[in-house]
1. Order by neighbour count: MET274, MET254, fewest other Cβ atoms within 10 Å first, most last.
2. Most exposed first by the Cβ proxy, i.e. fewest other Cβ within 10 Å, how do LYS432, LYS202 rank?
3. Name the lysines eligible as straight-distance cross-link partners of LYS144: C-alpha to C-alpha under 28 Å, and not fewer than 8 places from it in the same chain.
4. Which label belongs to the value computed from this structure, given these candidates for percent of Cα pairs over 29 Å apart: (i) 43; (ii) 62; (iii) 47?
5. Tell me, what is the FRET efficiency for GLU293 and ILE14 to the nearest 0.05, using R0 = 56 angstrom and their Cβ-Cβ distance as r?
6. Which of the helices in the chain meet the span-like rule: DSSP H, Cα axial reach of 18 Å or more, Kyte-Doolittle mean at least 1.6?
7. Using label points projected 7 Å from each Cα along Cα→Cβ, tell me how many nm separate VAL136 and THR205, to one decimal.
8. Taking neighbour counts of Cβ atoms within 10 Å as a proxy for exposure, in what order, fewest first, do TRP425, TRP430, TRP295 appear?
Amino acid sequence: MKKFRLYIEIFAAILVLAVLVWIFFGSYLEAGKPEIKFDQEVKAVGKQKTIGIIFSDSKSGLSRLSVEIIQDNKGQILSDKKIPARGKQLEKVSLNINAGELKLHDGPAVIKITATDHSLFENQTVLSQAVKIDTVPPQINLLKNTNYLNQGGTGFVAYQSSKAIASTGVYVNDLFIPAHTISLHNTPSYIAYFAVPIDADKTKTRIMIFARDEAGNETNIGLPCVIKEKKFRADKMNLSENFLRQKMPEFQAMVPSLKDKTPLEVFVYINSQMRNENFQTIQKICQKSSPKELWEGTFLRMSNASPMALFGDKRSYMVDKKAVAESVHTGVDLASTAHAAIEAANKGIVVFTGALGIYGNAVVIDHGLGLFSLYGHLSTIDTTVGKNVAKGEVIGHSGISGLAGGDHLHFSILVGGQFVNPQEWWDPHWIKDNITKE
């Protein structure tokens, strides 16, 4: 019995020792291979291209990583890295391939990537990625030679490219507006609506068409255009004590931190902080647009309505003859009778309904290809998100919700997520001359 117990104890000790040995040496004896993958698809390499490679090994860890580019049976090392310490399970490598410095010519090549682990067997993975060396940038063919642009208005550009494009659009100074792909005369083409700044002029406003192909080659060309000056009104608006007492509690209920603020402090907050937050929300709403043109013809203007405020009006809000806040009006205010029916200005898809800060109860309609309309200060909303609306279809009724002193409609047009002058879109001649005319 004692011998049997001794044998059991010896066996248990051997088993524990074996487990410890396996734990200690197991990773040395593992046969699993490292993994290699690109952080994005790589099919072509241009004059300069940055590629990202992710190496991983979940057991013994990475030991050596190498990247080589091969063309005409001649290899050139792009990276060769040794990792002496065990346990490095993940490594990300970013490489800039300069075709000129490497004396690569246009044509086929192979990127060969090798990863070795720290196991006793030195497990190795080799990934060979066929690529095309392409150093010719895309050529842009403008379908309109001259663009006449109004300050605060909408710009429109249509163009074609000599080759397939991975990314393209319009830069207005530092603001990038992605273009939309369409077919014109059975040829792949690109169009973009963009907002012209209110203070745009030929010296400080840079409008460029940008295109990048799948190899990373880039083209930037200036858009030939004439920018017309437009005079915008400047108004002084007195903030009455009655208006502040009547409207500010509505916003204090929205923002609990404003509970103990004075009515004037609340107004200053909503005219600055909330206005900016609302604009950011609107930009997010406008990020996704139908890939097809949904609108047809001239946009409708609210019928039998008088303009109360115009796009671009510069407002100074006064208390006791002192300016306490400023803003620039982002649409046109129109008023007729109380609770007047509000119609969709054109065909489109409803993408937003609900409370929108200073705009009160609002509706936003997508007209396709980055063009949107916004209807604010509504008393009721009579449509739903996702609905296809016809031009002239009733979507709500005017009201005093949001930062409105009286019953009216705030109407805005946005292109590329930026406000533009709606009056252009009410003008059939402007639409024909600047948008639809080939």
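Since every read-out is calculated from the coordinates, none of them should be taken as a lab result. Keep in mind it's a predicted model, so treat the numbers as computed, not measured. Note: ideal-geometry Cβ built from the backbone for every residue, glycine included; neighbour counts use all protein chains shown.
1. Values: MET274 19, MET254 12.
Ascending Cβ contact count within 10 Å gives the list MET254, MET274.
2. Numbers: LYS432 12, LYS202 9.
Arranged by neighbour count, lowest to highest, LYS432, LYS202 become LYS202, LYS432.
3. LYS163, LYS202, LYS204, LYS228, LYS230, LYS231, LYS288, LYS292, LYS347, LYS432, LYS437
4. Computing percent of Cα pairs over 29 Å apart and matching it to (i) 43; (ii) 62; (iii) 47 gives (ii).
5. Numbers: r = 78 Å, r/R0 = 1.40.
E between GLU293 and ILE14, to the nearest 0.05, is 0.10.
6. 2-29
7. Distance between label points: 3.6 nm.
8. On the way: TRP425 26, TRP430 18, TRP295 21.
Lowest to highest Cβ neighbour count: TRP430, TRP295, TRP425.
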